[in-house]
Amino acid sequence: MYNNDFKNKLLNICDNVKFDEPMHKHTTFRIGGNADFYVSVSSEKEITEVIKLCKLENVRFYIIGNGSNLLVKDEGFRGVIIEIGNGYADIEEIDDETFAAKGGILLSRIAAYALEHELSGFEPLSGIPGTLGGAVVMNAGAYGGEIKDVVTEVYVLDCDGNKKTISNKDMEFGYRTSLATKESLIILGAKIKLKKGNRDEIKVLMSDFNGRRRDKQPLEFPSAGSTFKRPEGYFAGKLIEDSNLKGYTVGGAQVSEKHSGFVINIGNATCEDVLKLISDVQKKVYEDSGVELEREVKILE
Ligand SMILES: Cc1cc2nc3c(=O)[nH]c(=O)nc-3n(C[C@H](O)[C@H](O)[C@H](O)COP(=O)(O)OP(=O)(O)OC[C@H]3O[C@@H](n4cnc5c(N)ncnc54)[C@H](O)[C@@H]3O)c2cc1C
């Protein structure tokens, strides 16, 4: 399936290559079979060259950040997983209120930077457990804020490997969606603009939002956050609860008792368990309320 020296060519580009890597180690759901190749990149050059090589050799590739919105199939992935994470995560100050951050940085690290520099506007996003790249793709948001509110421009590689800067307006941010999904863009980073604030007030807001998460969300179990998007005019969790599905279990996957909008892994859940549970929930909620629940969690097939 792979050209004989594909492995060596990958190793020539990047030191951090793993073979037959269990994907449950790289997803917050703790689910997923093995990926043939798993590359953690640390420079734009590595990202570009790995992608070029995959295209040349006709090998599939898939980008992941922190794996916090991702369900990986039990069969794993035949191809190369490219992790834009910890190794590609610097921040560079531009001026008092503006900085550029690389795609692999965690939102919690940006929040720490904002606090340290007394910058306000990032507080609602501070507890989302993803990378900047993942947040831009998903237009991640919480407590009335979304990544689109703070990002002024996004640095990407398009599917031909060309580097581009895309303005906020042209990113077509919508509810849990952006141009990145539509055009398979690779997020290299973004420019973020916040405003000067008061350190104590920023700190209080961040801990308030994070406290609310701890109170309401089943953070003690592996999950990928909210399983479904919020249907217009409803709350997914409430619809699921009204359908008496709180605690509904398939194998090791369960509708959380604490927050019905979360599917959790209560022990050795397989991707198949989660998919069956999701489809049962969608079916029952539709029968009871006529509302179609759309999945927010991405599936790596
Ligand atoms: C406990 C918990 C709470 C959560 N709370 C929230 C919340 O409040 N609000 C919210 O919006 N989400 C929430 N999430 C979901 C998740 O954290 C977000 O969707 C986050 O933005 C995903 O980022 P990631 O780096 O983990 O992306 P991944 O899960 O690794 O990837 C998600 C998608 O983005 C793509 N992607 C990732 N990085 C890049 C890149 N650099 N370039 C191109 N494509 C890329 C992947 O291919 C995939 O399609 C929560 C998840 C958990 C587990």
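Structure summary
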| item | result |
| --- | --- |
| Antiparallel bridges, percent of DSSP beta bridges restricted to the range 6-83 (to nearest 5) | 35 |
| Local net charge near L188, Cβ-Cβ under 12 Å (Lys/Arg +1, Asp/Glu -1) | 0 |
| Where the chain is the region considered: accessible area per residue in Å², 1.4 Å probe | 48 |
| Environment charge of G79, counting only residues whose C-beta is closer than 9 Å and scoring Lys/Arg +1, Asp/Glu -1 | +1 |
| Set of aspartates and glutamates with alpha-carbon distance to K148 below 13 Å, sequence-local pairs under 8 removed | D170, E172 |
| All aspartates and glutamates inside 15 Å of K25 as judged from Cα atoms, apart from same-chain residues fewer than 8 positions distant | D36, D74, E75, E83 |
| Estimated dipole of the chain in Debye, rounded to 20 [Cβ of Lys and Arg +1, of Asp and Glu -1, Cα centre] | 240 |
| Over 32 Å (Cα to Cα) - which of K52/K182; K169/K284; K55/K298 fall in this group | K169/K284 |
| Size of electric dipole in the range 1-81: Cβ of Lys, Arg +1 and of Asp, Glu -1, about Cα centre, debye, nearest 20 | 120 |
| Cα gyration tensor shape of the chain, rounded if a/c is under 1.5, else prolate or oblate by comparing a/b with b/c | oblate |
| The chain: DSSP helices with Cα axial extent of at least 20 Å and average Kyte-Doolittle hydropathy no lower than -0.5 | 271-289 |
| Farthest positive-ward along the chain dipole, Cα basis, beta-carbon charges - from N265, G76, S243 | S243 |
| Helix-only CD estimate at 222 nm, as mean residue ellipticity for the chain, using -39500 (n - 2.57) per DSSP H run (n ≥ 4) | -8500 deg cm²/dmol |
| Formal net charge of residues neighbouring I91 (Cβ-Cβ distance under 13 Å; K, R +1; D, E -1) | -1 |
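The values are calculated or read from the model by the stated rules, or taken from the named source; none is laboratory data. Predicted, not measured: the structure shown is a model, and the values here were computed from it. Here the Cβ is made from the backbone with ideal geometry for all residues, glycine too, and neighbour counts use every protein chain on show. Surface accessibility is based on the protein's heavy atoms, side chains included, excluding ligands, DNA and RNA. Shrake-Rupley method; radii C 1.70, N 1.55, O 1.52, S 1.80 Å.
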